[in-house]
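**Q** Sharing a structure here in structure tokens format.
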Amino acid sequence: MKVRINWKRAAIALAVLPVAALFVAWLGFFNVGAASGHWKITEWFLHFAMRSAVRTYALPIAPPDGPPPVGVRPAAGHYAAGCAMCHGAPGAPRGATVRAMLPAPPALTAAALADWSDAELFRIVKHGLRFTGMPAWPAQARDDEVWAMVAFLRRLPELAPRDYRSLAYGEAPPDSAGDVANRFEGALAGCARCHGRDGTGGGETVPVIAGQRPAYLAASLAAYAEGRRASGIMQLAAGQADAALFDRLARHYAGQSAPAAPPTDAAPELIERGRAIARRGIPERDVPACLGCHGRPERNPVYPGLDGQRPDYLANQLRLFAAGVRGGTPYSHLMTAFADELTVRERAALAAYFASRPAR
Ligand code: HEC
Ligand code: HEC
Ligand code: HEC
């Protein structure tokens, strides 16, 4: 008998196929165990598909010119808390459990990283990798943080264990972060990796939190922990600390004295422009006088102090408010309302002005 292929038969076959596939899956013959690994061909195919997808999705990504506004040091601190357990770090290789994962997270050696362009690393770190356990960046709005991580990954392979530790842990020795005997001390040691115990650490792009108002610090920690303020770095750090300790941590840092701001190298005209806006605002663009809120601590305990804050940090926060991704306490809309009216130069002027004022 001659079998004629017609549309009706083809349609029936197509309809039956998923049912057949479901039936085979239901029988349970497909081995999902990780012990025996993938077939060579499956492994080849998965990696082939992964590399091709990363390459294609990275095509429109253009690396920023200039260094990312978030520095390499907080990225190193984030790596220690959020990546090293899978990928290992100088002086702390991957454990046996992790090497038994399928696929196993690779050690990020110079050879492994040489396969990827900066845009491709950005794509992997921002979006993660499906079916591998490689997580996405916790705050999708913070490309600046992801670029900081890419910059750190480029340095990682050449770091000696000692240099890695001082970059990632600052003054706090690694094992004290796991100190659970005293929960507050343990949490503080975690923060101290980036901020120092005195709230002045972390380098140019990390805020000075010493002497900041306690209500603002506590409200900001809650905002990070609940995802209302976007920062992959701080979301992880706040999430790893116990929320019941936020008030104590805030009081601790509020009680530290902020350092005298280092002499500024900003041009006097720039600072002068910042001062003018801070005092009078820009009425024709509905930008209010900053000092109306930031210069009057009695108005609301959640309005942060800006005096003596690091200029790179201030300028980056103003950029984030302008882009509508800053979030924060229940009052953050006060900033979002006008921040996009400020030009890049005005943001730099305001940052230079507040940085030049004596710290609280
Ligand atoms: C739960 C474990 C896990 C965590 C945590 C993790 N990764 Fe991964 N990562 C993986 C796995 C698994 C792969 C994919 C390996 C593969 O496809 O063969 C991967 C792949 C990568 C790659 C591509 C490497 C290559 O050569 O294929 C980079 C780069 C990377 N991760 C960076 C990071 C960074 C940065 C962090 C922290 C923000 C991080 N990972 C957190 C598991 C993890
Ligand atoms: C891995 C580095 C790192 C660790 C660990 C860390 N921080 Fe931060 N912290 C940062 C960075 C970077 C920012 C700026 C984030 C942003 O852009 O919003 C920040 C911001 C903050 C802010 C907001 C300050 C402001 O002026 O708005 C507070 C409050 C804070 N951190 C407190 C803490 C506390 C408390 C801990 C410990 C539980 C901690 N941080 C752990 C890097 C870190
Ligand atoms: C109506 C009150 C108000 C005015 C006016 C105001 N701010 Fe703010 N500002 C706030 C509040 C409230 C926050 C805290 C937002 C949050 O984190 O929830 C803030 C936060 C900031 C931050 C982030 C600080 C940090 O540590 O992360 C910067 C920078 C800032 N303001 C700059 C300015 C500048 C510059 C002006 C003037 C052009 C200005 N603000 C005017 C209320 C105000």
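**Q** Picking from Val98, Val54, Val125, which residue would you name as being among the β-branched types (Val, Ile, Thr), outside the structural domain of Ala323 (by TED's automatic domain parsing) and in contact (Cβ under 8 Å) with a residue 60 or more places away in the chain?
**A** Val54
**Q** Residue under question is Val70, and the condition is that it be aliphatic (A, V, I, L, M), surrounded by 12 or more Cβ atoms within 10 Å (Cβ to Cβ) and part of a loop (DSSP other than H, G, I, E, B); does it hold?
**A** Yes.
**Q** Still on this model: Of all the helices (runs of 4 or more DSSP H) wholly in segment 268-360, which have at least 3 residues that are within 29 Å of the chain's Cα centre (by Cα) and within 27 Å of Met234 (Cα to Cα)?
**A** On the way: elements: 268-280, 291-294, 311-322, 333-339, 344-356.
It comes to 311-322, 333-339, 344-356.
**Q** From the residues in segment 138-169 that are open to solvent by less than 40 Å² (accessible area, probe 1.4 Å) and among the small types (Gly, Ala, Ser), which one is nearest to ligand 3 (Cβ to nearest atom)?
**A** Ala139
**Q** Inside segment 322-334, can you point out the residues that are within 7 Å of ligand 3 (Cβ to nearest atom) and of a type in the set (A, V, I, L, M, F, W, C)?
**A** Scanning segment 322-334 gives a single hit, Leu334.
**Q** Something else: Do the conditions hold for Asp198, that is, is it over 13 Å from the mean Cα position of the chain (by Cα), over 30 Å from Gly37 (Cα atoms) and surrounded by fewer than 22 Cβ atoms within 10 Å (Cβ to Cβ)? Step through it out loud before you land on a result.
**A** On the way: over 13 Å from the mean Cα position of the chain (by Cα): yes; over 30 Å from Gly37 (Cα atoms): yes; surrounded by fewer than 22 Cβ atoms within 10 Å (Cβ to Cβ): yes.
Answer is yes for this residue.
**Q** State all residues of segment 253-274 that are out of contact with any Pro (no Cβ under 8 Å at 6 or more places or on another chain), open to solvent by 50 Å² or more (accessible area, probe 1.4 Å) and within 18 Å of Arg310 (Cβ to Cβ); if no residue qualifies, say none.
**A** Hits for segment 253-274 are Gln256, Ser257, Pro259, Pro262, Pro263, Asp265.
**Q** For Gly190, which of the numbered conditions (1) within 14 Å of ligand 3 (Cβ to nearest atom); (2) buried (at least 19 other Cβ atoms within 10 Å of the Cβ) fails to hold?
**A** (1)
**Q** Another question, if that's okay. Keeping to segment 215-252, report how many residues are within 6 Å of ligand 2 (Cβ to nearest atom), of a type in the set (Gly, Ala, Ser) and open to solvent by 30 Å² or more (accessible area, probe 1.4 Å).
**A** Matching residues across segment 215-252 total 1.
**Q** Additional query: State which residue is least open to solvent (accessible area, probe 1.4 Å) when the search covers only segment 58-67 and only residues that are touching a helix residue (DSSP H, G or I) at 6+ places or on another chain (Cβ under 6 Å) and at pLDDT 95 or above.
**A** Ala58
**Q** Here is a further query. Could you tell me whether Arg55 is at pLDDT 95 or above, over 19 Å from the mean Cα position of the chain (by Cα), more than 24 Å from Gly328 (Cβ to Cβ) and open to solvent by 50 Å² or more (accessible area, probe 1.4 Å)? Don't jump to the end; show me each part of the working.
**A** Details: at pLDDT 95 or above: yes; over 19 Å from the mean Cα position of the chain (by Cα): yes; more than 24 Å from Gly328 (Cβ to Cβ): yes; open to solvent by 50 Å² or more (accessible area, probe 1.4 Å): yes.
Yes, satisfied.
**Q** Yes or no: segment 282-303 includes at least one residue that is touching a His at 6+ places or on another chain (Cβ under 7 Å), closer than 29 Å to Pro214 by Cβ and open to solvent by less than 40 Å² (accessible area, probe 1.4 Å). Can you show your working first?
**A** The first filter runs over segment 282-303 and keeps only residues touching a His at 6+ places or on another chain (Cβ under 7 Å), leaving 303.
Restricting the remaining residues to those that are closer than 29 Å to Pro214 by Cβ gives 303.
Keeping just the survivors that are open to solvent by less than 40 Å² (accessible area, probe 1.4 Å) gives 303.
Yes - at least one qualifying residue is present in segment 282-303.
The values are calculated or read from the model by the stated rules, or taken from the named source; none is laboratory data. None of these values were measured; they are calculated from a predicted model. Virtual Cβ from ideal backbone geometry, glycine too; neighbours counted across all protein chains shown. These accessible areas exclude ligands, DNA and RNA; they are computed on the full protein's heavy atoms, side chains included. Shrake-Rupley method; radii C 1.70, N 1.55, O 1.52, S 1.80 Å.
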